[in-house]
Amino acid sequence: MALAELPEWNAFEAAVKESPIQFDQLRLISAAGIELDLSGQSGSLALTQATESLLAARNFDDMRTRLLCGGVANITEDRAAWHTALRTPAPVDVVSAERQRLNEFVRLADSERRWRNIIHIGIGGSDWGVRLAVSAFGYAGTWRRVHFVANIDGHAIQGGLAGFDPHDTLIVLASKSFTTAETLQNGQRALEWLQAAGVEHPYEQFVAITARPDVAKAWGVPDGHTFKLWDWVGGRFSIWSAVSLTTALAVSTDVVAGMQAGAAAMDAHFAQAPIAQNAPIQMAIAGIVNRSVLGYGSLNIAPYDFRLSNLVPYIQQLEMESLGKSVDLAGDPVTVATGPAVWGMPGTDAQHTFFQWLHQGIDGAPVDFIVCEHADHGWPEHHQSLLANCLAQREALLKGKTYEQALAECLASGVPEDKAPWLAKHRVHAGGRPSNLIVLPRLSPYTLGALLALYEHKVFVQGVIWGINPFDQWGVEYGKVLAKGIGAELAGQAKIDPDHDASTAHWVARFGASLKG
Ligand code: F6P
């Protein structure tokens with residue numbers, strides 16, 4: 001049944017309307033070593049009760065069991081979505097075997113001080129998680145130097161090859177499908193770079209992480225140089241797999257293991273915590289309230305930690321590739337707004353970029369503030385300022401500033417009495433703008449793993465309630481097909497398609513001519 005027709009949904013909507021943000025209430029949930037503060041979200045006993053009824057109406061318990069036990073959770077591709085199996089303390093044999101192979105590969109490379117340089121070639125889920133982990137834990141420098149190459153833009157591979165000694169460089173090809181054009185073309189350039197430098201056995205300097213070892217072998221990756229992924233792991237969930245080989249080489253296998261342990265702890269919390277104390281569920285509900293009832297079109301991610309700059313694109317792919325759907329499981333158009341646009345950047349930079357819009361823009365957006373209670377540097381005054389800014393921005397969004405407060409402020413600062421009433425109107429802040437505050441005791445592999453799993457399970461819960469499949473991504477295929485046709489036209493290998501719109505036809509002709517030189 002369509003969500004909007006469910007009595008439990010209508011009761012949920014009604015409860016939201018009776019559930020303002022309660023400024024005098026502290027709503028904290030501790031889970032897997034991190035804390036989720038939901039005080040800045042709509043809340044009430046009625047909403048809690050309506051949530052329980054809504055989850056029951058969506059068979060949540062069965063859906064969660066299916067997810068965590070490797071049942072079919074991705075119904076349009078008839079697959080499991082068993083990323084939790086990659087991080088459980090007692091994995092199935094195939095997972096355990098690949099984990100051991102990876103650890104042995106890294107141990108050997110470390111013992112021989114091999115591969116001073118790593119070029120990680122992958123895109124989307126084969127890139128963002130590794131980029132995030134290496135920048136989170138390698139920001140202060142690592143013995144091995146890592147270049148990430150994702151984009152098909154030739155400048156990306158050009159930069160990726162620059163400055164590295166070809167004779168001491170390992171090329172990591174990360175691609176679940178081993179068909180992604182960007183990755184294969186960039187891999188080919190890296191191969192040519194090794195060959196041009198006179199590397200005797202260039203393919204020996206490649207490793208592949210893929211669900212298609214047969215295709216990797218055909219490409220030239222030697223036996224023993226391929227680590228397996230499986231179809232039951234979605235690309236955007238592959239950070240828990242051997243895709244993290246580059247992380248292990250750059251910042252150690254302990255970091256990979258620590259992230260897996262933190263994620264596993266969040267899995268256990270998600271499986272067992274009662275609804276009212278279940279962090280992923282409550283974070284999911286807050287997001288549905290903001291998106292589908294209060295009508296916010298986007299979600300801002302504000303990690304108040306320089307080391308988490310790659311957290312934003314990681315969460316963007318996780319949320320928008322999972323929840324950017326407008327057809328429900330039955331194949332019918334959805335009846336409520338689903339997946340918000342996700343955007344952001346670390347604070348305090350964000351305060352000097354778009355917080356004006358968050359405070360005084362017409363719409364604003366809910367914000368996920370993420371902060372570490374303890375820093376890993378030696379300047380406490382810097383951390384004090386960071387914490388103060390994080391809390392202050394969140395309080396300003398919550399409380400706002402009334403006209404009376406703004407007027408008093410203007411007068412106190414010497415604005416002439418005849419001008420102050422006018423100027424004060426420009427300084428009013430609406431307030432009542434929702435936010436989460438997620439507090440990590442400090443940034444460790446464990447807490448980062450727990451944080452990422454928190455978002456994964458939040459996305460899953462939202463998919464269940466919205467009645468959409470969060471594990472497929474049919475929307476990424478169409479553009480790739482069109483790109484193939486336009487590519488052939490640009491290369492002069494095909495006539496310009498008469499079905500192009502006028503603008504596309506114009507630029508295909510123009511760029512085709514300029515490419516001919
Ligand atoms: O963006 C589409 C997508 O399939 C992502 O889901 C995936 O993470 C990325 O492309 C890369 O895919 P692959 O790992 O197969 O190269």
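Points worth noting:
- Relative to its residue count, the range 198-314 spans a Cα convex hull of 188 Å³ per residue.
- Only Lys, Arg (+1) and Asp, Glu (-1) charged, at Cβ; the range 474-515 dipole about Cα centre in debye: 160
- Note on F206, F354, F23: ascending count of other Cβ atoms within 10 Å places them as F23, F354, F206, the fewest first.
- A DSSP coil position with no more than 14 other Cβ atoms inside 10 Å describes the following GluC sites (Glu not before Pro) in the range 126-217: E200.
- Volume per residue that the Cα convex hull of the chain spans, once the total is divided by residue count, Å³: 198
- Charges were assigned to the Cβ only: +1 to each Lys and Arg, -1 to each Asp and Glu. The resulting dipole of the range 88-251 about its Cα centre is roughly 360 debye.
- Per-residue Cβ neighbour rank within 10 angstrom, fewest leading, S244, S292: S292, S244
- Each of Q462, S385, A396 was scored by the projection of its Cα onto the charge dipole of the chain, and the greatest displacement toward the positive side belongs to S385; charges sit on the C-beta of Lys, Arg, Asp and Glu.
- When the C-alpha to C-alpha distance is required to be over 23 Å, the pairs from K325/K495; K325/K480; K495/K516 that qualify are K325/K495.
- Cα centre as origin, Lys/Arg/Asp/Glu Cβ charges: the chain dipole, Debye: 640
- Residues whose amide H lies under 5 Å from that of V342, counting only those 5 or more places away or on a different chain, are L299; hydrogens are built 1.01 Å from N in the peptide plane.
- Full-extension gain in nm, L391 to Q49, via 0.36 nm per residue minus C-alpha separation: 120.1 nm
- Gyration tensor (alpha-carbon) shape descriptor, the range 4-90, a/c threshold 1.5: oblate
- Shown here for the range 353-438: GluC sites (Glu not before Pro) in loop regions (DSSP other than H, G, I, E, B) with at most 13 other Cβ atoms within 10 Å, namely E373, E417.
- Only helices enter the 222 nm calculation for the chain: every DSSP H run of n ≥ 4 contributes -39,500 (n - 2.57), and dividing by all residues gives -14500 deg cm²/dmol, rounded to 500.
- Cα gyration tensor shape for the range 159-202, rounded if a/c is under 1.5, else prolate or oblate: prolate
- Here the range 1-68 and the range 176-247 have alpha carbon centers that stand 42 Å from each other.
- Look at the Cα gyration tensor of the range 88-251: its axes a ≥ b ≥ c give a/c under 1.5, and that counts as rounded.
- For the range 267-319 and the range 72-86, distance of Cα centres in Å: 21
- For K399, the lysines whose Cα falls under 29 Å of its own Cα, not counting residues fewer than eight places away in the same chain, are K17, K419, K425, K458.
- The residue list Q188, V130, I29 was ranked by how far each Cα lies along the charge dipole of the chain toward its positive end, using unit charges on Cβ atoms, and Q188 comes out on top.
- Cα centroid of the range 460-517 to Cα centroid of the range 324-348, whole Å: 22
- Note on V289, V481, V106: ascending count of other Cβ atoms within 10 Å places them as V481, V106, V289, the fewest first.
No value in this document is a laboratory result; all are computed from the given coordinates. Bear in mind the structure is a predicted one, so any value in this text is a computation, not a measurement. Every residue, glycine among them, receives a Cβ derived from its backbone with ideal geometry; neighbour counts consider all protein chains shown.
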